[in-house]
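**Q** Structure below; questions to follow.
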Amino acid sequence: EDDTDTLEGVARTAMTGKGAESAKDHLAALVVQAVRSVADEEGIDTDNVQVETVVGGSIDESELVEGVIVGKERVHDNMPMLKEDADIALLDTAIEVPETELDTEVNVTDPEQLQEFLDQEEQQLREMVDAIVASGADVVICQKGIDDMAQHYLAEEGILAVRRAKKSDIKALSRATGARVVSNIEDISADDLGFAGTVAERDLGGDGKLFIEDVEDAKSVSLILRGGTEHVVDEIERAIEDALGVVSSTLDDGKVLTGGGAP
């Protein structure tokens, strides 16, 4: 496990002949670091290494992020782009007024009645946001939707929020930050929150993405692979996926057999 030279040699061998030769040493070091980061008592699951590809820049600029990259932007322009020492809430429920199970029709006879309905909806959203604020969360990653009014309230509280995050991202964030996924906003508490040194929205290959990093002992990491053309990036991604699989197998087996015709 501690034999870095052998593991990097295994990674370089796995990448040979796949268009990654020019930066094989750099990429091999990243692969070994990534596999070691996600190893735990249950073994090594390379699904916990997220691979992001960017067309532009050289292969040598590829890097490892100790944390998770979510392919979403803030839901409101007035939300902060950076949060340091962030307490993170993960939600797999919407911050919206729930719809009724049955189709219903309401007859309104005067404008005041309509206003009462709207006020009631607004109050429900305010209570949801208040519960999030009371938990101490300053970053919210939501797997479902966030109502426009709730976005406004969250922005007023200085909370950075994204919506419609992938289920796999929520799972990776839970592993990386230690947060528990919350299904009922009313029950959210400080115990459910995870932690990251920085949460920031940054440009990656022309798209805004949320970087959740500076996580102590992150068990979910991200590799950013760069290359000059689409073809180069595809080749590197293929090489990296092979290297991740082979290095993780090497750590599982604890043995290496020389090949290439070696007697």
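The values are calculated or read from the model by the stated rules, or taken from the named source; none is laboratory data. Quick caveat, the model's predicted, so the values are computed rather than measured. Positions of Cβ are backbone-derived with ideal geometry, glycine not excepted, and every protein chain shown enters the neighbour counts. With ligands, DNA and RNA removed, areas are computed over all heavy atoms of the protein, side chains included. Shrake-Rupley method; radii C 1.70, N 1.55, O 1.52, S 1.80 Å.
**Q** Looking at D47, D25, which is the one that is within 23 Å of the chain's Cα centre (by Cα), assigned to a helix (DSSP H, G or I) and charged (D, E, K, R)?
**A** Values: D25 fails: within 23 Å of the chain's Cα centre (by Cα).
It is D47.
**Q** When segment 17-30 is examined, which residues are found to be open to solvent by 10 Å² or more (accessible area, probe 1.4 Å) and at pLDDT below 85?
**A** If we filter segment 17-30 for residues that are open to solvent by 10 Å² or more (accessible area, probe 1.4 Å), which is where we start, we get 17-19, 21-22, 24-26, 29-30.
Hits for segment 17-30 are G17, K18, G19, E21, S22.
**Q** Can you tell me which residue among S62, S58 is among the hydroxyl-bearing types (S, T, Y) and either in contact with a Pro (Cβ under 8 Å, 6 or more places away or on another chain) or open to solvent by 20 Å² or more (accessible area, probe 1.4 Å) (or both)?
**A** Numbers: S62 fails: either in contact with a Pro (Cβ under 8 Å, 6 or more places away or on another chain) or open to solvent by 20 Å² or more (accessible area, probe 1.4 Å) (or both).
The conditions single out S58.
**Q** Can I ask one more? If we keep just the residues of segment 237-260 that are among the acidic types (D, E) and surrounded by 14 or more Cβ atoms within 10 Å (Cβ to Cβ), which is farthest from L7 (Cα to Cα)?
**A** Step one: of segment 237-260, the residues among the acidic types (D, E) are 237, 241-242, 252-253.
From what's left, surrounded by 14 or more Cβ atoms within 10 Å (Cβ to Cβ): 237, 241-242.
On the way: E237: 19, E241: 15, D242: 13 Å.
Looking at residues that are among the acidic types (D, E) and surrounded by 14 or more Cβ atoms within 10 Å (Cβ to Cβ), I get E237.
**Q** Still on this model: Give the number of residues within segment 195-227 that are crowded, with 22+ Cβ neighbours inside 10 Å and assigned to a loop (DSSP other than H, G, I, E, B).
**A** Count: 3.
**Q** May I ask you to list pairs of residues, at least six apart or on different chains, whose Cβ atoms are under 6 Å apart, with the first in segment 131-149 being within 17 Å of D85 (Cβ to Cβ) and the second being hydrophobic (A, V, I, L, M, F, W, C) and surrounded by fewer than 20 Cβ atoms within 10 Å (Cβ to Cβ)?
**A** Note: pairs meeting the criteria are S135/A190; G136/A190.
**Q** Separate question: Looking at E52, E105, which is the one that is open to solvent by less than 40 Å² (accessible area, probe 1.4 Å) and either at pLDDT below 90 or closer than 18 Å to D214 by Cα (or both)?
**A** Working: E105 fails: open to solvent by less than 40 Å² (accessible area, probe 1.4 Å).
It is E52.
**Q** How many residues does segment 176-194 hold that are surrounded by fewer than 16 Cβ atoms within 10 Å (Cβ to Cβ) and either among the aliphatic types (A, V, I, L, M) or under 28 Å from A34 (Cβ atoms) (or both)? Before you say what the answer is, go through the steps one by one.
**A** Initial filter on segment 176-194 (surrounded by fewer than 16 Cβ atoms within 10 Å (Cβ to Cβ)): 180, 183-184, 186-187, 189-191.
Retained after the next criterion (residues that are either among the aliphatic types (A, V, I, L, M) or under 28 Å from A34 (Cβ atoms) (or both)): 180, 190.
The number of residues fulfilling the criteria is 2.
**Q** Take V70 and tell me if it is buried (at least 16 other Cβ atoms within 10 Å of the Cβ) and within 20 Å of A200 (Cβ to Cβ).
**A** Details: buried (at least 16 other Cβ atoms within 10 Å of the Cβ): yes; within 20 Å of A200 (Cβ to Cβ): yes.
So V70 fits the description; yes.
**Q** Now for a different question. If you scan segment 31-43, which residues turn out to be farther than 15 Å from A172 by Cβ and surrounded by 22 or more Cβ atoms within 10 Å (Cβ to Cβ)?
**A** V31, V32, V35
**Q** List the number of the failed condition for T104; all other conditions in (1) outside any strand (DSSP E or B); (2) within 17 Å of A161 (Cα to Cα) hold.
**A** (2)
**Q** Any chance segment 62-82 includes a residue that's within 17 Å of I224 (Cβ to Cβ) and out of contact with any Leu (no Cβ under 9 Å at 6 or more places or on another chain)? Even if it seems obvious, please write down each step before you answer.
**A** Here is the first cut: in segment 62-82, the ones within 17 Å of I224 (Cβ to Cβ) are 62-72.
Filter once more, so that each one left must be out of contact with any Leu (no Cβ under 9 Å at 6 or more places or on another chain): 66.
So far as segment 62-82 goes, yes, one or more of its residues are within 17 Å of I224 (Cβ to Cβ) and out of contact with any Leu (no Cβ under 9 Å at 6 or more places or on another chain).
**Q** OK, next. Yes or no: V35 β-branched (V, I, T), outside any loop (DSSP other than H, G, I, E, B) and within 21 Å of the chain's Cα centre (by Cα)?
**A** Yes: the conditions hold for V35.
**Q** Under the condition of being among the aliphatic types (A, V, I, L, M) and open to solvent by 40 Å² or more (accessible area, probe 1.4 Å), which residue from segment 108-142 is farthest from the chain's Cα centre (by Cα)? Explain how you work it out, then say what you get.
**A** So the first thing to find is which residues in segment 108-142 are among the aliphatic types (A, V, I, L, M), and the list is 108, 114, 118, 125, 128-129, 131-134, 137, 139-141.
After this cut, where a residue has to be open to solvent by 40 Å² or more (accessible area, probe 1.4 Å) as well, the list is 108, 114, 118, 133-134.
Values: V108: 45, L114: 41, L118: 35, V133: 22, A134: 24 Å.
Ranking the qualifying residues of segment 108-142, first place goes to V108.
**Q** Now for a different question. Need the failing condition index for D47 against (1) more than 21 Å from K144 (Cα to Cα); (2) surrounded by 14 or more Cβ atoms within 10 Å (Cβ to Cβ), just the number.
**A** Just one mismatch for D47, condition (2).
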